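Contents: one structure, followed by commentary.
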Amino acid sequence: MGPKQIEVLRHINRISLLHRLRVHNLLSDTGVWGSQIPVLLHVERNPGCTQTDIAEHLGVSSPSIATSIKRLQKAGMLEKRADEADMRRNRIELTERGRSTVARGRACYDQVVERMLRDFTGGEVDTLVCLLARLEENLAGDEYRGRTALSLAEAADRPAKSNGEEREHP
């Protein structure tokens, strides 16, 4: 790998980290992690959804969503209620605090994106979108095409496989 390729990777990694840091800093007083905002957004758009609905929509495992839901319940942002038609199922709703956090999360994401793109023309943003889409498509291939960012993050955190067997991270 040459110096230009290393520079591309360095910039991509730093942009991702800086985005996460900016969002985290803006949301720090809410007690919500940036990765929990998509859960809240899904519940806002689909009131009364189930844990399975959320997991399927975000492309992550039910245990991952269960952990997020428990944390968000504890923080007073989500509440579960039994499904009247099937008492084995729980329906998930936003609380008032959850609704205000979603609004704040949207504003934070907008602020970070606006800051990130503040000196770009519309044409430059269009070009950037095309270039980033090409990078993403090249990396995704058939194996990861169409998967959500959360499901990719979850897959990246699993132990690597070699010859069909899981191995420990070094």
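Rule-based calculations on the coordinates, nothing more; no lab input. Since the model is a prediction, treat every value here as computed from it, not as a measurement. Note that each Cβ is placed from the backbone with ideal geometry, even for glycine, and that neighbours are counted across all protein chains shown.
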Fewest to most neighbouring Cβ within 10 Å: what's the order for Ile15, Ile65? Ile15, Ile65
Could you list Ser16, Ser151 in order of exposure, starting from the residue whose Cβ has the fewest other Cβ atoms within 10 Å? Ser16, Ser151
Under 15 Å from Lys80, Cα to Cα: aspartates and glutamates that are on another chain or at least 8 residues apart: Glu44, Asp53, Glu93, Glu96
Counting other beta carbons within 10 Å of each residue's own, what order do Arg97, Arg145, Arg22 fall into, fewest first? Arg145, Arg97, Arg22
